[in-house]
1. Of the residues Ser404, Ser442, Ser379, only one is among the small types (Gly, Ala, Ser), within 30 Å of Ser118 (Cα to Cα) and modelled with pLDDT under 95; which?
2. Collect the residues in region 16-30 that are in a loop (DSSP other than H, G, I, E, B) and open to solvent by 30 Å² or more (accessible area, probe 1.4 Å), keeping them in residue-number order.
3. Tell me the residue from Asn454, Asn476 that is within 20 Å of the chain's Cα centre (by Cα), surrounded by fewer than 23 Cβ atoms within 10 Å (Cβ to Cβ) and farther than 27 Å from Val11 by Cβ, please.
4. So how many residues does region 440-461 have that are in contact with a His (Cβ under 7 Å, 6 or more places away or on another chain) and either assigned by the TED database to the domain that holds Asp9 or assigned to a strand (DSSP E or B) (or both)?
5. Could you pull out every one of the strands (runs of 3 or more DSSP E) wholly within region 115-179 that has 2 or more residues that are touching a Gly at 6+ places or on another chain (Cβ under 8 Å) and in the same structural domain as Val67 (by the TED database)?
6. Residues of region 402-434 being aliphatic (A, V, I, L, M), part of a strand (DSSP E or B) and open to solvent by 10 Å² or more (accessible area, probe 1.4 Å), which ones?
7. Right, Thr330: free of Cβ contacts under 8 Å to residues at least 40 places away in the same chain, in a loop (DSSP other than H, G, I, E, B) and among the hydroxyl-bearing types (Ser, Thr, Tyr) or not?
Amino acid sequence: MHMQLLSNDRVVVFDRTDFGPSNLPLPEGKCRFDLNDTALKQDCTAHSIEYDVLSNKFRPLMVQTDVWCSSGAVTPNGDLVQTGGFNDGERKVRVFSPCSSCDWQESNNGLAARRWYSTNHILPDGRQIIIGGRNQFNYEFVPKNIAANTFDLPFLFETNDREVENNLYPFVFLNIDGNLFVFANNRAILLDYVKNKVIKRYPTIPGGDPRSYPSTGSAVLLPLKNLKASDIQAEVLVCGGAPKGSYSQATQGEFIGALKTCARILITDPNPKWVIDTMPLARVMGDMILLPNGNVLLINGAGSGSAGWEFGRNPVLNPVLYRPDNKIGTRFETHTPTKIPRMYHSTAALLRDGRVLVGGSNPHTYYNFTSILFPTELSLEAFCPPYLEAKYNNLRPTIVGPNSMSGISYGKTLTLEMEIKGKVEEKLVWITMVAPAFNTHSFSMNQRLIVLGNDKITALEKSRYNIEVRTPRSGNLAPAGFYLLFVVHQDIPSMGIWVQLQLEDKKIFDFFQISKVKCSANLHGR
């Protein structure tokens, strides 16, 4: 149900704790004792794992309270901070540090309000904002050393469809001016969270159908480019979802066909308008993943119904690529289908080698492996985009050095050494930075791709080159933290390396007053 890649190339995966025992025992006789749990008061099985991508091994982890339908983000120092959930987990803050022996640490009542189906976003100063959730028309910040209270956001009340909601897990993106684009249901605002003021209201998506949970579509902030310009543009793409009334109809056993449209809007435009495009496949509960070359992957989901237990039908098995720079009508490309339905509670995450890890799908109540429409799915699989095909090996860059970079400042020149065996088209070489996202319920929180471009290429010997680029000029463009950096040549990306942008004011937050295991991340991920 939840997935996050960390800077040691390990993926933290977790599910709810109130579905009874899992198939994976906790190590060393560990057990969770929770008198408030609705399934088991004593549970000696794992509901979270750390998956080591490089060794293809996993390690069971222990969460203490229910993380069902929670949210999260990674701090500038690389810790995964995870917030809210259900029942006794609804006001909890949990921290997982990227090291080989670390486990979940929790703080009691770390949130000012109950957060269930809310969205987190990293801010330029290193804090996280947590927006919305079930019956929460407000937001708050973590950590609490600046603002301990909640702040009303009437927009969330306005977008709440009675008895259905359709405004949960809002799509939130940091705009280039430091304000937040917040999309819920079928429309969006630009929020100045410092002054708690809405400074712009965007038009309703044409057709007016909802795109937020449970009419679950997905969204991305398209790659940020031309970073040296004074008027950098930011554009949001929203795809799929379910027509109005789909959730109510699904509860009655009628499964309406999903939406087939994408809507795209230039959020920095003084007079923004949605532009509609049509997908080759209708999709609800699909995931949208930014790939290193700037294309968008649409994967997972159903062709009819809505999000929620037992409410999805007609699995969409074909991944689809969206090429944002192509002309409208030529942007979509359908790819080879999987054999595994990935519907409600499925996840997807970009890996450092350019693959997309896919897992989950548990669209029924409790763990059940037989005699139902969609059995519990325990497998992980990887989608390999076409740029990984062997025929592109001659075009594929290899980053020779460095292996990783930490403590990088804003507005500075970086130099990388790369190798390309085939003929190099210098004008078709550029560098991108991708922020790994917290993925749940068809939305990848904090997903962000910055195109650094190519300032200078210097030929060395033996098919090697130096490439120079300038880092983003501020945290409004790229909040501090860990990114995957790729060299892209003729649309073919290298394997990524980890880089760490440091906070502009070098302020280090003591994020949570809890007892943390002292662990250090392996920046090389090797």
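1. Numbers: Ser404 fails: within 30 Å of Ser118 (Cα to Cα); Ser442 fails: modelled with pLDDT under 95.
Only one candidate passes the filter, namely Ser379.
2. Across region 16-30, the qualifying residues are Pro21, Asn23, Leu24, Lys30.
3. Working: Asn454 fails: within 20 Å of the chain's Cα centre (by Cα).
Result of the check over Asn454, Asn476: Asn476.
4. Applying the first criterion (in contact with a His (Cβ under 7 Å, 6 or more places away or on another chain)) to region 440-461 yields 440, 445-446.
Checking the rest, the ones that are also either assigned by the TED database to the domain that holds Asp9 or assigned to a strand (DSSP E or B) (or both) come to 440, 445.
Summing the residues that are in contact with a His (Cβ under 7 Å, 6 or more places away or on another chain) and either assigned by the TED database to the domain that holds Asp9 or assigned to a strand (DSSP E or B) (or both) in region 440-461 gives 2.
5. Hits in region 115-179: 119-122, 138-142.
6. Narrowing region 402-434 to residues aliphatic (A, V, I, L, M): 405, 408, 414, 416, 418, 420, 424, 428-429, 431, 433-434.
Now drop any that are not part of a strand (DSSP E or B), which leaves 405, 408, 414, 416, 418, 429, 431, 433-434.
Within region 402-434, Met405, Ile408, Leu414 meet the criteria.
7. So Thr330 fits the description; yes.
Residue by residue, here is whether (1) farther than 27 Å from Val275 by Cα; (2) modelled with pLDDT of 95 or more; (3) β-branched (Val, Ile, Thr) holds:
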residue	(1), (2), (3)
Leu317	no, yes, no
Thr334	no, yes, yes
Pro337	yes, yes, no
Pro341	yes, yes, no
Tyr344	yes, yes, no
Val358	yes, yes, yes
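The values are calculated or read from the model by the stated rules, or taken from the named source; none is laboratory data. If you're wondering where the values come from, they're calculated on a predicted model, not measured in any experiment. Backbone-built Cβ (ideal geometry, glycine too); neighbour counts: all protein chains shown. Areas reflect the complete protein model, heavy atoms only, side chains present, ligands, DNA and RNA absent. Shrake-Rupley method; radii C 1.70, N 1.55, O 1.52, S 1.80 Å.
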